[in-house]
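Any read-out appearing in this document is the output of simple, stated calculations on the displayed coordinates, not a laboratory observation. What you see is a predicted model, and the numbers here were worked out from it, not measured in a lab. Cβ atoms come from the backbone with ideal geometry, glycine included; neighbour counts cover every protein chain shown.
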Amino acid sequence: MVTPSKLAIAAVLSAVVIGSASISMPVLARAAQDHSAWSNKSLGADARADLLLKAMTREEKLTLVFGYFGADMKDKYTRPPESRWSSAGYVPGIARLGIPAQYETDAGIGVATQHDADHWRERTSLPSGIATAATWDPDLAYKGGAMIGSEARDSGFNVMLAGGVNLLREPRNGRNFEYAGEDPWLAANMVAAQINGIQSNHVISTIKHYALNAQETGRHFVSSNIGENAAMTSDLLAFQIAIEKSKPGSVMCAYNRVNDDYACENKWLLNDVLKTDWGYKGYVMSDWGAVYSTAKAANAGLDQESAGHSFDSQPFFKEPLAAAIARGEVKTARLDDMVRRILRSLFATGLMDSPEVADKPIDLAAHAKVTQADAEAGMVLLKNDGNVLPLIRTAETVAIIGSHADVGVLSGGGSSQVHGVGGNAVPGLGDPGFPGPVYYHPSSPLKAIAKRIPDAKIVYDDGTDPVRAAKLAAGSDMVVVFANQWTGEDLDFSVTLPDNQDATISAVAAANPKTVVVLETGGPVLMPWADKTPAILEAWYPGTEGGEAIARVLFGEIDATGRLPATFPASLDQLPHPALSDNNGNPKALFDVTYDEGAAVGYKWFDKKGLKPLFPFGHGLSYTQFAYSGLKVANAKGKVTVSFDVKNVGGRAGSATPQVYVGPDGDFAGWEAPKRLAGFAKVALAPGAARHVSVTVDPRLLATYNKGWVIKGGKYAVSLGASSRDIKDTVSLTLAARTLPVTYKGN
Ligand code: BGC
């Protein structure tokens with residue numbers, strides 16, 4: 001239906017176009033264009049974008065800054081027929097200029113579809129983002145990104161809404177599984193590698209959700225309040241470094257407010273920090289339903305409104321933007337800037353030069369190997385008393401308990417949900433509405449275990465009755481109990497395992513002292529039974545080959561190489577915010593979360609407060625042992641390099657993940673915490689083999705922020721650890737005072 005107000009806006013739009021200086025352009029718009037100027041690949045992306053911009057009409061420019069949802073919404077909205085069916089978004093192209101349409105798909109673990117079980121196409125799901133972060137292996141993250149980027153391309157998409165780098169400030173955040181943990185350096189490196197992989201397919205990747213979208217509760221109403229300097233050294237630093245290292249074509253501004261202003265109309269976040277201080281040259285797209293204004297958002301730095309008809313209270317760009325320009329509230333030059341940024345990313349990622357998108361076959365078998373390698377490397381062996389793991393192959397009676405381990409592995413819910421190969425192994429669980437359905441990839445851990453011990457008698461129990469499960473465990477040689485916590489977008493979750501699973505684990509562990517626990521969780525959970533079970537493996541949401549990956553690690557066919565990218569607290573009262581903030585029962589009320597802890601996120605908070613977590617950041621056991629020696633630090637005119645040797649002193653091949661931490665020597669006044677992760681390596685070693693490792697420390701990790709990166713002159717402690725709480729050696733470093741400008745960029 002065409003409403004009177006829409007007609008009025010349309011009238012304003014045509015007046016703008018006809019009344020503007022570009023009066024001849026609509027005529028031009030229909031004329032064939034000579035593309036040769038901007039097709040010249042020897043020119044850089046900036047020059048090509050400038051040339052193309054000059055050839056565009058006002059109407060065409062307004063087209064590029066406005067996106068449509070790619071799925072129908074009952075009684076509300078019908079998607080443009082040219083959009084990709086059931087996709088996150090669509091921005092029309094401009095055929096006469098050879099500008100391709102932007103076909104947008106979620107997200108970080110693979111090509112998601114909006115959920116409609118009748119139409120999905122099978123695709124590969126990586127393990128969750130936090131699982132990939134737990135690999136501490138940027139090379140694997142790159143390969144995963146390259147794989148899902150190719151599936152995006154071969155599904156007809158050229159923009160992937162992937163690159164979740166929000167720090168895990170809040171263990172209850174329902175989207176922690178999409179992100180890369182609590183440390184800016186680790187998260188930035190892992191997410192940058194993934195984005196580089198995605199963009200290697202000439203697909204734009206969209207780092208998100210900028211910024212401080214640390215909880216899902218009240219995500220449209222909450223203001224994340226934090227000192228600017230603290231933000232610069234924590235959540236924003238993760239974005240800054242990831243952006244530097246991967247140059248994502250786009251940044252997605254978040255739903256929440258930051259220091260009272262919505263992220264998508266927050267001048268400090270967008271214009272001042274992202275575009276001016278960091279010199280970001282790509283475009284800012286809004287999250288779906290994150291725009292509240294036209295002029296304020298446009299002038300603050302928002303470049304493209306996503307799905308304006310579907311999720312925002314009204315479209316704010318396109319016609320309303322034209323009207324705001326006509327009223328002088330937004331300058332014409334600002335529209336040009338928005339469009340130039342979008343064009344620049346189309347050129348810079350190579351998308352403009354490889355514009356064809358089409359449905360093509362996907363090599364699912366080859367991609368299964370990529371996701372499996374990622375899942376295996378990210379599993380964290382939290383505990384292994386008495387070397388209960390690896391599992392032995394001589395067991396005769398085996399109990400597999402809980403978590404639908406007979407048929408599949410859990411995944412996280414919401415817009416990032418990938419409909420994987422084989423469909424949902426456990427349909428009908430939970431609420432089918434968003435962020436559901438609860439979805440299990442049909443990769444059965446039980447079958448993968450059974451394949452390895454074909455003569456054993458294996459019995460599955462669903463774990464819902466602790467007494468029954470304990471009885472089975474008591475009579476079995478081998479017991480593996482699976483426990484899970486489904487999490488998803490738009491919700492936060494308790495860190496206590498749901499459905500009485502703690503009681504089941506406790507009862508099973510009491511019945512059989514060799515009980516192995518496998519967790520499939522979105523992030524940290526409490527484990528009141530941790531002292532009673534000898535072995536705990538955190539498998540996260542392990543993706544479409546998760547069952548096989550779990551079995552490979554359990555049986556020790558590969559080493560256990562994952563390390564925690566986030567602290568597992570022992571109790572909620574250890575957290576800076578023991579209770580989640582919300583809107584006090586008034587769902588539309590604005591409310592604040594004040595991050596008084598500043599940059600002391602995760603282990604930094606635990607170190608500062610002297611708290612003992614359940615499992616610390618960086619922790620993870622291997623099936624072999626490593627020795628560390630020769631820690632040295634060199635300072636060549638402020639370039640700090642840390643070197644050491646790591647040796648496999650155990651009896652089998654494995655991977656060490658040495659971690660370098662830095663902090664002021666003694667009193668850490670001025671810093672948020674005693675130490676920060678400043679470097680890491682993942683080192684695969686045969687038994688007896690050793691390697692010399694050296695890492696360079698980004699100077700921002702030695703600085704505090706105050707109108708620049710301020711490095712205080714004096715002594716610093718440089719430590720080498722196997723986790724944030726397992727420090728092997730510490731040496732001293734002396735630094736001269738210096739301040740790096742706000743525009744400082746790493747390598
Ligand atoms: C999510 C984004 C996602 C977008 C499009 C939003 O609800 O927050 O992460 O990319 O939807 O599906």
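Details
- Spherically averaged projected area of segment 616-746 from its Cα convex hull (nm²): 7.9 nm²
- Using distinct alpha-carbon pairs, which all enter the 1/r mean, Kirkwood radius of segment 148-198 in Å: 11.9 Å
- Peptides 102-112, 199-209 ordered by average Cβ neighbours within 10 Å, highest first: 102-112, 199-209
- As a calculated quantity, the FRET efficiency between residue 464 and residue 392 at R0 = 22 Å, using C-beta atoms, amounts to about 0.20.
- Within the shell defined by Cβ-Cβ distances under 9 Å, the residues around residue 195 carry a net charge of +2, with Lys and Arg each +1 and Asp and Glu each -1.
- Per-residue extension of 0.36 nm, minus the Cα-Cα distance of residue 36 and residue 590, leaves a gain of 194.3 nm for this segment.
- Shape call, segment 690-747: gyration tensor on alpha carbons, a/c limit 1.5: prolate
- The order of the peptides 86-97, 143-154, 158-169 by mean Cβ neighbours within 10 Å, most packed first, is 158-169, 143-154, 86-97.
- Per-residue ellipticity at 222 nm, computed for the chain from helices alone with -39500 (n - 2.57) per DSSP H run of at least four residues, works out to -7500 deg cm²/dmol.
- Neighbour counting of Cβ atoms within 10 Å sorts the residues 287, 312, 596, 50, fewest neighbours leading, into 596, 50, 312, 287.
- Cross-link pairs beyond the 18 Å C-alpha cut-off, checked among 604/675; 675/745; 682/728; 41/745; 267/604: 675/745; 41/745; 267/604
- FRET E, pair residue 609, residue 532, Förster distance 22 Å, beta-carbon r, rounded to 0.05: 0.20
- In this structure, the amide hydrogen of residue 462, modeled 1.01 Å from its nitrogen in the peptide plane, lies closer than 5 angstrom to those of 402, counting only residues at least 5 positions away or on a different chain.
- Packing, taken as the mean count of other beta carbons within 10 Å per residue, orders the peptides 294-307, 535-548, 463-476 from highest to lowest as 535-548, 294-307, 463-476.
- Degrees between helix 45-54 axis and first principal axis of the chain (Cα, 0 to 90, nearest 10): 30 degrees
- J(HN,Hα) series, segment 339-344, from Karplus relation 6.51 cos²θ - 1.76 cosθ + 1.60, nearest Hz, glycine and proline x: 5, 4, 5, 5, 4, 4
- Label-to-label distance, nm, for residues given as residue 736 and residue 74 (7 Å Cα→Cβ offset): 6.9 nm
- Cross-link reach is defined here as a Cα-Cα straight distance under 22 Å, omitting same-chain residues fewer than 8 places apart; for residue 76 the lysines meeting it are 6, 318, 588.
- Model label sites at residue 471 and residue 54, defined 7 Å from Cα along the beta-carbon direction, differ in position by 8.3 nm.
- At R0 = 35 Å, FRET efficiency that the Cβ-Cβ distance of residue 637 and residue 46 yields, to 0.05: 0.65
- Around the Cα centre of the chain, unit charges on the Cβ atoms of Lys, Arg, Asp and Glu (plus for the first two, minus for the last two) sum to a dipole of about 2000 debye.
- 15 Å Cα-Cα reach of residue 471 towards aspartates and glutamates, excluding residues that sit fewer than 8 places from it in its own chain: 461, 462
- Segment 666-724 shape via C-alpha gyration tensor axes, a/c threshold 1.5: prolate
- Residues with amide H under 5 Å from that of residue 164, placed H, sequence gap 5 or more: 208
- The C-alpha atoms of the chain occupy a region whose extents along the principal axes are 83, 63, 53 Å, arranged from largest to smallest.
- Taking a sphere under 9 Å around the Cβ of residue 555 and counting the other residues whose Cβ falls inside, with K and R at +1 and D and E at -1, yields a net charge of +2.
- In the chain, taking the dipole from charged Cβ atoms about the Cα centre, the farthest positive-side position among 222, 581, 648 is held by 648.
- Each Cα pair under 8 Å and six or more residues apart adds its sequence gap; the mean of these over the residue count of the chain is a relative contact order of 13 percent.
- Net charge, residue 133 excluded, C-beta distance under 11 Å - Lys, Arg +1, Asp, Glu -1: -4
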